[in-house]
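The values are calculated or read from the model by the stated rules, or taken from the named source; none is laboratory data. Predicted, not measured: the structure shown is a model, and the values here were computed from it. For neighbour counting, all protein chains shown are included, and Cβ atoms are generated from backbone atoms with ideal geometry for every residue, glycine included.
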Amino acid sequence: MNRRLSPFILTMLCLGFAFLYVPIILMVVYSFNASRLVTVWDSVHSPTLKWYVELMSNGEVLEAARLSFKVAALNATGSTILGTLAAFCLVRFGKFRGRSLFVGLTTAPMVLPEVITGLSMLLVFVAMEQVIGWPAGRGATTITIAHMTFCLAYVTVVVQARLSTFDRSLEEAALDLGARPAKVFFVITLPIIAPSVVSGWLLAFILSWDDLVITSFVSGPGSTTLPQLIFSKVRLGVSPDINALATLLVLTVTIAVIGVGLALQRRERRLVLEAEEAREVPA
């Protein structure tokens with residue numbers, strides 16, 4: 001039964017989307033503005049790409065972007081591995097001694113204020129440097145470790161939700177046929193939960209790339225990430241090159257999300273076709 005949206009709901013929906021996306025669209029448009037005043041459109045010389053050219057020749061921005069990408073990639077990979085292992089422990093091992101404590105430690109970074117997390121990580125790094133001499137100072141290493149402490153919680157939740165609905169009869173059948181547990185995991189389990197693992201990786205990457213508060217506590221001289229650089233520039237006033245930088249970030253995220261979405265859709269269609277072909281094969 002088709003039910004049409006009421007005019008009020010449709011209006012609220014349009015206003016909500018406008019509130020979210022109109023500022024982004026305006027930011028993209030003004031990134032091509034020739035004027036140095038971001039709120040004044042230069043109709044004589046606009047549109048222009050000079051802010052993008054200026055941005056690409058800015059070594060400070062490029063170095064901050066490189067560091068942010070490096071930290072986000074390392075953090076996402078480490079968080080995905082640890083989060084997947086934690087999800088397996090919670091789903092497959094049932095009740096064990098210390099389970100409640102383990103659940104609390106795993107999910108606590110999701111609810112703790114970032115200020116508390118950043119301050120506690122800073123104190124830990126300072127204490128470790130005094131005791132064992134590592135890590136020496138604050139930099140990419142400390143930022144990556146700090147990001148992993150809260151990103152693995154999100155990966156655990158995502159992967160745990162998929163494992164909770166996992167049909168274990170496939171694994172049991174493979175084990176009955178003589179497959180070793182490691183082979184069962186890599187051949188059967190991992191491909192089935194791959195969409196949730198990829199989703200967790202992307203979520204951890206975005207959270208790390210976007211983080212500012214925790215990074216401000218655990219970073220040091222010479223380790224400025226892109227969010228820190230943007231924040232420092234915005235405090236002095238928004239400049240046109242910031243609009244260009246933000247536009248490139250929006251474009252990158254959009255392409256990545258669309259690409260991953262299309263890849264997952266193709267994989268889902270392939271699995272459906274394989275299942276249909278398997279049912280058509282006579283016993």
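Annotation note: Cβ proximity below 8 Å between a residue of region 127-143 that is within 23 Å of residue 67 (Cα to Cα) and a residue that is of a type in the set (D, E, K, R) and surrounded by 12 or more Cβ atoms within 10 Å (Cβ to Cβ) (sequence gap 6+ or interchain) occurs for 135/129; 136/129; 137/129; 140/70. Filtering region 136-157 to residues that are of a type in the set (Gly, Ala, Ser) and under 13 Å from the mean Cα position of the chain (by Cα) leaves only 153.
Residues that are of a type in the set (Gly, Ala, Ser), more than 17 Å from residue 207 (Cα to Cα) and surrounded by 12 or more Cβ atoms within 10 Å (Cβ to Cβ) within region 238-274 comprise 239, 244, 263, listed in sequence order. Which residue is modelled with the highest pLDDT, if the candidates are limited to region 203-219 and must be among the β-branched types (Val, Ile, Thr) and under 17 Å from residue 65 (Cβ atoms)? Per the stated criteria, the residue is 215. Being surrounded by 16 or more Cβ atoms within 10 Å (Cβ to Cβ), more than 24 Å from the chain's Cα centre (by Cα) and part of a helix (DSSP H, G or I) is a condition met by no residue of region 31-47. It is to be established whether one or more residues within region 163-174 are closer than 25 Å to residue 144 by Cα, touching a residue at least 40 places away in the same chain (Cβ under 8 Å) and surrounded by 18 or more Cβ atoms within 10 Å (Cβ to Cβ). No: region 163-174 contains no residue that is closer than 25 Å to residue 144 by Cα, touching a residue at least 40 places away in the same chain (Cβ under 8 Å) and surrounded by 18 or more Cβ atoms within 10 Å (Cβ to Cβ). Within region 92-140, the set of residues being modelled with pLDDT of 90 or more, among the β-branched types (Val, Ile, Thr) and surrounded by 15 or more Cβ atoms within 10 Å (Cβ to Cβ) comprises 117, 124.
Kindly indicate whether residue 121 is part of a helix (DSSP H, G or I), touching a residue at least 60 places away in the same chain (Cβ under 8 Å) and over 25 Å from residue 90 (Cα atoms). Answer is yes for this residue.
Checking each residue in region 1-12 for being aliphatic (A, V, I, L, M), modelled with pLDDT under 90 and either touching a Phe, Trp or Tyr at 6+ places or on another chain (Cβ under 6 Å) or part of a helix (DSSP H, G or I) (or both) picks out 9, 10. Among the residues making up region 64-88, a single one is free of Cβ contacts under 8 Å to residues at least 60 places away in the same chain and under 21 Å from residue 245 (Cβ atoms): 66. For region 224-238, a tally of residues being touching a residue at least 40 places away in the same chain (Cβ under 8 Å) and within 15 Å of residue 60 (Cα to Cα) returns 6. Tell me, please, whether a residue that is acidic (Asp, Glu), under 27 Å from residue 87 (Cα atoms) and more than 15 Å from the chain's Cα centre (by Cα) can be found in region 209-218. No, every residue in region 209-218 fails to be acidic (Asp, Glu), under 27 Å from residue 87 (Cα atoms) and more than 15 Å from the chain's Cα centre (by Cα).
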